[in-house]
Amino acid sequence: MREMEIAYWVERWREGRIGFHEGRTNAFLARHVDRIGTAPRRVLVPLCGKTEDMAFLASRGHHVIGIEAVEDAVQAFFREHALTPEVREVSKHIRRYTAGQVTIFAGDVFACNTEVVGDVDAFYDRAALVALTPDVRARYVAHLRALLAPKSTGLVVTFDYEQAKMSAPPYAVSAAELHRLYEGATITELGHAPVDDNSRFRDAGVTATEHCFAIEL
C-alpha cells in the first residue's frame, strides 16, 4: 500500500472512525467456516484490523496469521482479548505480535512475503478487498496468491452497491470483478444479505448487499 493510503487508515483508527469493525464474528464466517478447511489450517487474514473473526478462527483450532498496517489496531486486538503477545522485530518496518494461536504482523501487506508470514494454506478476506482502490485490487490479489500454498481455500466477503451514490471506502466489488481478480480459481457464492448495521451506508442512504464467496485456488 502507498504511504498515503496507510496514513489514511492510521488516521481513521486514531479518530475512531472504524464503522467497518463489526465487533462480533461475521455471520457468513460463522455459517461457512468449514469451507476454509479442516483445522488446523494456517489462515491468512489480510488487512485484519482487530476483527473478532480472528478469535473465532483460533477457537475453531486454526492458526491465524493476520496482517495489519495500523499497529494501534494490532495492539487493541490483544488488549481486548486479555492477551500479552510476544513482540519481535521482523524487519525495519514489520513487527510480529504472537499470543496463543494468533500471530499478527504489523506492517504493509505488500512488504510481507513468504519468508515473513511462513506457510499459509487458507485465507479469509472481509473488509480487505473492499477497502482497496480499483487500481490496487489486482496487485493485492496477485500478492495474496503468491503467499498462499497451491490448492488453498478461503472465504471472501464483499459489498455490492451503487458506487456512484457514496464515496468509498468501502468500495463495491461485484461478483464479476471477483471472478476476474481470481481468474482460474473455483468461486462459489455461498449467500448474500442486506447490510443494515453499517453506519457509512446508513448515513448515505445507500442500499448495500454483503456477499460471501468460497474460493479454491
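Numbers below:
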| quantity | calculated |
| --- | --- |
| Matching residues in the stretch 4-29 - criterion: being modelled with pLDDT of 65 or more, buried (at least 17 other Cβ atoms within 10 Å of the Cβ) and in contact with a helix residue (DSSP H, G or I) (Cβ under 6 Å, 6 or more places away or on another chain) | Thr25, Asn26, Leu29 |
| Any chance Leu147 is touching a residue at least 24 places away in the same chain (Cβ under 8 Å), closer than 14 Å to Val109 by Cβ and either surrounded by 16 or more Cβ atoms within 10 Å (Cβ to Cβ) or in contact with a His (Cβ under 8 Å, 6 or more places away or on another chain) (or both) | yes |
| Identity of the residue in the stretch 172-201, of a type in the set (Ser, Thr, Tyr) and in contact (Cβ under 8 Å) with a residue 40 or more places away in the chain, that ends up farthest from Ala128 (Cα to Cα) | Ser199 |
| Identity of the residue in the stretch 179-194, of a type outside the set (Phe, Trp, Tyr) and in contact with a helix residue (DSSP H, G or I) (Cβ under 8 Å, 6 or more places away or on another chain), that ends up farthest from Val141 (Cα to Cα) | Ala193 |
| Residues that are under 23 Å from Arg12 (Cα atoms) and not in a strand (DSSP E or B), drawn from the stretch 56-71 | Ala69, Val70, Glu71 |
| Filter result for the condition that a residue is surrounded by fewer than 13 Cβ atoms within 10 Å (Cβ to Cβ), β-branched (Val, Ile, Thr) and closer than 24 Å to Thr153 by Cβ, over Thr186, Thr209 | Thr186 |
| Subset of the stretch 132-190 (residues that are assigned to a helix (DSSP H, G or I), modelled with pLDDT of 95 or more and of a type in the set (A, V, I, L, M)) | Ala138, Val141, Ala142, Leu144, Ala146, Leu147, Ala175, Ala176, Leu178, Leu181 |
| Those residues of the stretch 30-41 which are closer than 11 Å to Gly154 by Cα and surrounded by 16 or more Cβ atoms within 10 Å (Cβ to Cβ), in sequence order | His32, Val33, Arg35, Ile36, Gly37, Arg41 |
| Identity of the residue in the stretch 150-166, of a type in the set (S, T, N, Q) and in contact (Cβ under 8 Å) with a residue 12 or more places away in the chain, that ends up surrounded by the most Cβ atoms within 10 Å (Cβ to Cβ) | Thr158 |
| Subset of the stretch 114-131 that is at pLDDT 95 or above, of a type in the set (A, V, I, L, M) and not in a helix (DSSP H, G or I) - its residue that is surrounded by the fewest Cβ atoms within 10 Å (Cβ to Cβ) | Val120 |
| Residue within the stretch 50-69 that is among the aliphatic types (A, V, I, L, M), surrounded by 21 or more Cβ atoms within 10 Å (Cβ to Cβ), touching a residue at least 12 places away in the same chain (Cβ under 8 Å) and closer than 16 Å to Gly23 by Cα present | yes |
| Filtered residue count, the stretch 72-105, keeping only those that are surrounded by fewer than 17 Cβ atoms within 10 Å (Cβ to Cβ), among the charged types (D, E, K, R) and under 25 Å from Ala39 (Cα atoms) | 2 |
| Count of residues meeting criterion [part of a helix (DSSP H, G or I), touching a residue at least 12 places away in the same chain (Cβ under 8 Å) and within 21 Å of Leu57 (Cα to Cα)] in the stretch 72-113 | 8 |
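The values are calculated or read from the model by the stated rules, or taken from the named source; none is laboratory data. Please read these numbers as outputs of a predicted model, since none were measured by experiment. Reconstructed Cβ throughout: ideal geometry from the backbone, glycine too, with neighbour counts over all protein chains shown.
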